[in-house]
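Reading through the structure tokens given below for one structure.
The values are calculated or read from the model by the stated rules, or taken from the named source; none is laboratory data. This one's a predicted model, so the numbers in the text were calculated from it and none came from an experiment. Neighbour counts run over all protein chains shown; Cβ positions are idealised from the backbone, glycine included. With ligands, DNA and RNA removed, areas are computed over all heavy atoms of the protein, side chains included. Shrake-Rupley method; radii C 1.70, N 1.55, O 1.52, S 1.80 Å.
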Amino acid sequence: MARSSVIPAPMEVRPAQGQDFRLGPDTAILTEPGSARARHIGQYLATLLRPATGYQIPVLDADLAGATTTGQERGASAATTPGTAKAISLRLGGGGLGPEGYRLNTTADGVSVRADAPAGLFAGVQTLRQLLPADIESPTPVAREWTVPGGAIADRPRFPYRGAMLDLARHFHSPDEIKAFVDQIAAYKINHLHLHLTDDQGWRIEILSWPKLTAGDGGSGVDGAGGGYLTQAEYADLVAYAAERYVTVVPEIDMPGHTNAAQVAYPELNGGVAAAPRTDPEVGYSTLRIGDEITYAFVEDVVREVAALTPGPYLHVGGDEADATPDGDYRTFMRRIIPIVERHGKTVLGWHEITKADPPASVVPQFWGTAGAHPEVAAAATRGARVLMSPANRAYLDMKYTPDTPLGLDWAGYIEVRDAYEWDPATQIEGVGEAHVLGVEAPLWSETVRTLADVETMTYPRLPAVAEVGWSAPDRRDWESFRRRLAAHAPRWTLRGTAFHRSPQIPWE
Ligand code: IFG
């Protein structure tokens, strides 16, 4: 039964016998009158349903479609439109489940998705997509019944930030590959895409005031492959594409370490000595020069341009593995650049080493450790900081599944699907409880990753596991239920052409 395969697991599911809804050739999508966002979501849903059903699936403003809303209680049952058959309605208001929550009610007359905000409608659409048979993912028509199981779902996320990260620096992923990745992660209610744009091997975002950063393709990737960069137009286009799928882009400019590519392009950032281009995967050898004023002029220009291109609230300053930066200098640097980012209207994200600089509570440390205790992160949480959880032994998608996984690394250990699933962000670090957790993020570092198929093989099925960890309440999820539900997703990925690791832990359908 499709209902039992929804990932992430919804908060509340109440089946209703005899209330299944069957999509038909005349099914319409009715959207909140006057809401362009709701209409765009309706059109997005229609593009998901048309290929496999072969139906026209018109998208109409609910009132223009003559929906029977006169006198009747709006939204209690699906809006039905005289003259046409049943409908899927996407309505705003009356959800009462927060900015991403939604209510999805299915009767024989239609499906009603109700949410307080467009993001909730979008989340409900992803659930509806999974309530339909897996064949709905077919790019070509499938002659079959398209049934949505009757009943009511009420749902909302446990944490507001569920993210995935692509490392464009070690290997550049093209805009089309990134868009395909966004389409896939949106299906699991992941709502942030962190782009690691700069590192020792490459600088991947055009900066108009420092044009040499992306001359020569921004430097090649690891092993000399994977050069390239995003023009500002391409970055802006990606941001808009992701926003249409309720995914917020989080750009990362890694500093003061991981800066070799910038110092290859601009020797003045390296005391006048051009750094040597690097295509090896080593880390921890580069640092900006903390005592040089040009360093802060550089940071100001880069932050200004990237912040201006980024409507989302976050700008990630990296801060990891600054082994070549003395601790005192690291603190000096962070205390000077955090205000620069905040002055440009962004909330600072940084890898958890940033807590060494005693940053203000507004700064979000991204935890990537493997230990269960980290006093400086716990101290930051005590001061009011919220922590983004990316424990490397749970959420790092570049870790091998097992020793014989061709791609990936193993410094944090092997991560099979169960390892990515059986952890809890609120008990991962001593002293960092539920109220201190902003959410979860699964980074995919690209030292060994090349193609989109490589990205997908490392991402699926572990990202859906992390997505459920970030969305579903602890009492709504357990490994036995997850592995069975996950099994039903294989046909969906296959129909979509998405590569995935056929983990022996899963009873694949
Ligand atoms: N650590 C480095 C990454 C990458 C990773 C590969 C962080 C925050 C190891 N920093 O993870 O640049 O090399 O697993």
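So, with +1 on the Cβ of K and R and -1 on the Cβ of D and E, and no other charges, what is the size of the charge dipole of region 84-173 about its Cα centre, to the nearest 20 debye? If you can, show how the numbers build up before the last one.
Details: 10 positive and 8 negative charges, 38 e Å.
That gives a dipole near 180 debye.
Computed extension gain for H40 through D217, at 0.36 nm per residue and net of the alpha carbon distance, reaches 60.2 nm.
Looking at region 404-461, which GluC sites (Glu not before Pro) are in a loop (DSSP not H, G, I, E or B) and have at most 14 other Cβ atoms within 10 Å?
Details: sites: E416, E422, E430, E434, E441, E447, E456; in loops: E416, E422, E430, E447.
Within region 404-461, the qualifying GluC sites (Glu not before Pro) (loop, at most 14 other Cβ atoms within 10 Å) are E422, E430.
Counting only DSSP beta bridges whose two residues both lie in region 227-375, roughly 10 percent are antiparallel. Counting charges near H374 (Lys, Arg +1; Asp, Glu -1) among other residues having Cβ under 12 Å from its Cβ returns a value of -2. In a DSSP loop and with at most 15 other Cβ atoms within 10 Å, the chymotrypsin sites (Phe, Trp or Tyr not before Pro) in region 338-425 are W411, Y414.
Of the beta bridges in the chain, as assigned by DSSP with both residues counted there, near 30 percent are antiparallel.
Could you give the dipole magnitude of the chain about its Cα centre, charging the beta-carbon of Lys and Arg +1 and that of Asp and Glu -1, in debye to the nearest 20? Each step should come with its number before you reach the end.
On the way: 46 positive and 63 negative charges, 373 e Å.
Magnitude of the dipole: close to 1800 debye.
Placing dummy labels 7 Å off each Cα toward the beta-carbon, the span from D20 to R450 is 4.6 nm.
Which whole DSSP H helices in the chain pass both tests: a Cα extent of 15 Å or more along the axis and a mean Kyte-Doolittle value no lower than -1.0?
Helices meeting the span and hydropathy rule in the chain are 36-53, 118-131, 175-186, 232-244, 293-308, 327-343.
Under conditions of 25 °C and 0.890 mPa s, region 172-267 yields 177 µm² s⁻¹ as its translational diffusion coefficient, taking Rh as the Kirkwood radius over Cα pairs in the Stokes-Einstein equation.
Report, in deg cm²/dmol and to the nearest 500, the calculated mean residue ellipticity at 222 nm for the chain, where each DSSP H run with n ≥ 4 adds -39500 (n - 2.57) and the sum is divided by the residue count.
Theoretical 222 nm ellipticity from helices: -8500 deg cm²/dmol.
Note on A361 and R343: the model spin-label points, each 7 Å out from Cα along the C-beta direction, lie 2.5 nm apart. As I understand it, the dipole of region 174-296 uses +1 on the Cβ of Lys and Arg and -1 on the Cβ of Asp and Glu, about the Cα centre. Which of G226, Y246, P277 lies farthest toward its positive end? Value: Y246. Most simply put, region 335-485 has about 10% antiparallel DSSP beta bridges, counting only bridges with both residues inside it. Dividing the Cα radius of gyration of region 421-509 by 2.2 N^0.38 Å, with N the residue count, gives 1.21.
Computed with every protein chain present, the accessible area of R343 is close to 150 Å² [probe 1.4 Å].
Would you mind working out the magnitude of the charge dipole of region 181-339 relative to its Cα centre, with +1 at each Lys and Arg C-beta and -1 at each Asp and Glu C-beta, to the nearest 20 Debye? Intermediate results must be reported in sequence, preceding the final value.
Working: 10 positive and 24 negative charges, 76 e Å.
Once rounded to the nearest 20, the dipole reads 360 debye.
Label 7 Å along Cα→Cβ of E177; region 226-254 residues with amide nitrogen under 14 Å? Of the residues in region 226-254, 226-230 have backbone N under 14 Å from the label point off E177.
Any idea what the relative contact order of region 225-371 is, in percent, if you count C-alpha pairs under 8 Å spaced at least 6 apart?
Values: 213 pairs, mean separation 34.4, N = 147.
Result for region 225-371 is 23 percent.
Gain on full extension, evaluated as 0.36 nm per residue between Q56 and W479 minus their Cα-Cα distance, stands at 148.3 nm.
For region 277-339, chymotrypsin sites (Phe, Trp or Tyr not before Pro) are listed when DSSP marks them as loop and at most 16 other Cβ atoms sit within 10 Å of their Cβ; the list is Y285.
Report Rg/Rh for the chain, rounded to two decimals, where Rg is the Cα radius of gyration and Rh the Kirkwood radius. Before the final figure, lay out each step's value.
Working: Rg = 23.6 Å, Rh = 23.7 Å.
My calculation puts Rg/Rh at 0.99.
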